[in-house]
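K.L.:
Sharing a structure here in structure tokens format.
The values are calculated or read from the model by the stated rules, or taken from the named source; none is laboratory data. Note that this is a predicted model, so its numbers are computed, not measured. When we count neighbours, we look across all protein chains shown, and the Cβ atoms used for this are built from the backbone with ideal geometry, even at glycine. Accessible surface areas use protein heavy atoms only, side chains included; no ligands, DNA or RNA. Shrake-Rupley method; radii C 1.70, N 1.55, O 1.52, S 1.80 Å.
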Amino acid sequence: MSGGAASAPKPLPSSGPKSLREMPHPLATSSSEEMGPALTPSPDLLLPRSIADKDLSLPNGTPVDTSSPASSSSLLNRLQLDDDFDVETRDLFVTVDDPKKHVCTMETYITYRVTTKTTRAEFDLPEYSVRRRYQDFDWLRNKLEESQPTHLIPPLPEKFVVKGVVDRFSEEFVETRRKALDKFLKRITDHPVLSFNEHFKVFLTAKDLNAYKKQGMALLSKMGESVKYVTGGYKLRSRPLEFAAIGDYLDTFSLKLGTIDRIAQRIIKEQLEYLVELREYGPVYSTWGGLEVELSEPLEGVSACIGNCCTALEELSEDMTEDFLPVLREYILYAESMKNVLKKRDQVQAEYEAKLEAVALKREDRPKVPTDVEKCQDRVECFNADLKADMERWQNNKRQDFRQLLMGMADKNIQYYEKCLTAWESIIPLLQDKPETK
């Protein structure tokens, strides 16, 4: 293990990951000039082949038939089958649906139905259905961070929105948030450690969660308590190479994804502005056709064609807003969560180094290392094992999520251009078959 640990880490449910060298860097560019010096990843990260070398196959090696636009739909369906591959091995299923608006004297808020189906012995019933609001999800995440400090906790969608810009009670916003909350719980459900957390069980089963919040439970693990009370008094000398590489990777990943997110939002804004122009543009041909008897049919055709293109563009913009942007934002927040876990690991290692140095300075005759130093070493090894395991799990999820996201984006763009092509081709007969007037 990199980090100078004297003994191997104890077996943990999430231990046994691969080395970081085996984790691909999916957003690395093919040339150093394109990335720039500030974005150069750590040499310990294995860079993938250039895009030009693999533009005819998916990341898993599946060949792509570029000669047929329809191939994207079939490939997307094939990729979606991967999600259901291990359904039979799961013993816990959680879904978030049925958002409802509650109007009270002091506040207005949305609740969501959380349905749980399970065969786990620690649950008294095979199925539960409770209602939760956003602050309940936020409470759950905080509790997971406190009780499982060595693990990566999935992010929640941002709580606050700019008033006057986004209506947080609109159907579109509520549905986008519902999807994000559903994914949040599914991330926890799929985790081999977090899914067994007592706070998570209470969140899924308690009818009155507020009563539980007030009552509270002393469920913080010794690990959680130790990390909670670590102060900034210890200064880390240097990160082990593999964790320094993780930090470099997360910085690069966040920067690239943030750039994509900003550009995508500008594209959507320009699409909506173009849509406004198209909606004014089409009717002009229709009114013109009322003045030109001989050209009325083709002019009405052009007006209808532009209308069809408007509908197609509106659908494309909605898909980007509801499906593409939320995934980018989730992974930007995910990267920040991973950075926070990395900082906690650094604090524990710094504490261990300081205590080890203090023992060495005392030069005691007793050869045995003090118990508190051994415990601190165990915490470092536990952090290392859990962080690497969660990093590997996160990388696997990310590869699958972005593969499906990009295939879906390709499919939606193909559909958009096919609809526009069909619309414009439909008016060609109106222009060609019209006989000239003698």
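K.L.:
Taking segment 176-198, which residues are of a type in the set (Gly, Ala, Ser) and closer than 20 Å to Arg329 by Cβ?
P.N.:
Of everything in segment 176-198, just one residue is of a type in the set (Gly, Ala, Ser) and closer than 20 Å to Arg329 by Cβ, namely Ala180.
K.L.:
From Gln377, Gln395, which residue is open to solvent by less than 70 Å² (accessible area, probe 1.4 Å), in a helix (DSSP H, G or I) and either in contact with a Phe, Trp or Tyr (Cβ under 6 Å, 6 or more places away or on another chain) or not assigned by the TED database to the domain that holds Met338 (or both)? I'd like the intermediate steps shown before the answer.
P.N.:
Values: Gln395 fails: either in contact with a Phe, Trp or Tyr (Cβ under 6 Å, 6 or more places away or on another chain) or not assigned by the TED database to the domain that holds Met338 (or both).
That would be Gln377, the only listed residue that is open to solvent by less than 70 Å² (accessible area, probe 1.4 Å), in a helix (DSSP H, G or I) and either in contact with a Phe, Trp or Tyr (Cβ under 6 Å, 6 or more places away or on another chain) or not assigned by the TED database to the domain that holds Met338 (or both).
K.L.:
Of all residues in segment 413-429, how many are within 30 Å of the chain's Cα centre (by Cα) and among the hydroxyl-bearing types (Ser, Thr, Tyr)?
P.N.:
2
K.L.:
Of the conditions (1) within 29 Å of Ala245 (Cβ to Cβ); (2) open to solvent by 40 Å² or more (accessible area, probe 1.4 Å), Arg279 satisfies every one except a single condition; which number is it?
P.N.:
So Arg279 meets the others, but not (1).
K.L.:
Now for a separate question. Mind listing just one residue for me: the one in segment 282-307 that is touching a helix residue (DSSP H, G or I) at 6+ places or on another chain (Cβ under 6 Å) and of a type in the set (Val, Ile, Thr) and, of those, least open to solvent (accessible area, probe 1.4 Å)? Give the derivation first.
P.N.:
Step one: list which residues in segment 282-307 are touching a helix residue (DSSP H, G or I) at 6+ places or on another chain (Cβ under 6 Å), which gives 282, 285-286, 288-289, 296-303, 305-307.
Right, trim to of a type in the set (Val, Ile, Thr) and you get 302, 306.
On the way: Val302: 23, Ile306: 5 Å².
Residue satisfying both the conditions and the ranking: Ile306.
K.L.:
Determine if segment 347-358 includes at least one residue that is within 30 Å of Cys382 (Cα to Cα), of a type outside the set (Gly, Ala, Ser) and loosely packed, with under 14 Cβ neighbours inside 10 Å.
P.N.:
Yes, there is a match, as at least one residue in segment 347-358 is within 30 Å of Cys382 (Cα to Cα), of a type outside the set (Gly, Ala, Ser) and loosely packed, with under 14 Cβ neighbours inside 10 Å.
Every residue, every condition in (1) buried (at least 20 other Cβ atoms within 10 Å of the Cβ); (2) closer than 24 Å to Pro192 by Cβ, yes or no:
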| site | (1), (2) |
| --- | --- |
| Thr105 | no, no |
| Tyr109 | no, no |
| Thr116 | yes, yes |
| Thr119 | no, yes |
| Leu125 | no, yes |
| Tyr128 | no, yes |
| Arg141 | no, yes |
| Glu146 | no, yes |
| Pro154 | yes, yes |
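K.L.:
Give, as residue ranges, the helices (runs of 4 or more DSSP H) completely inside segment 157-257 that count at least 2 residues that are at pLDDT 85 or above and within 19 Å of Glu336 (Cβ to Cβ).
P.N.:
171-189
K.L.:
Condition first: over 30 Å from Asp323 (Cα atoms), within 22 Å of the chain's Cα centre (by Cα) and of a type in the set (Gly, Ala, Ser). Now tell me which residues in segment 235-291 satisfy that.
P.N.:
Ala245, the sole residue that qualifies.
K.L.:
Right, next: When the residues of segment 179-195 are narrowed to those that are within 14 Å of the chain's Cα centre (by Cα) and open to solvent by less than 70 Å² (accessible area, probe 1.4 Å), which ends up farthest from Phe324 (Cα to Cα)?
P.N.:
Here the residue is Ile188.
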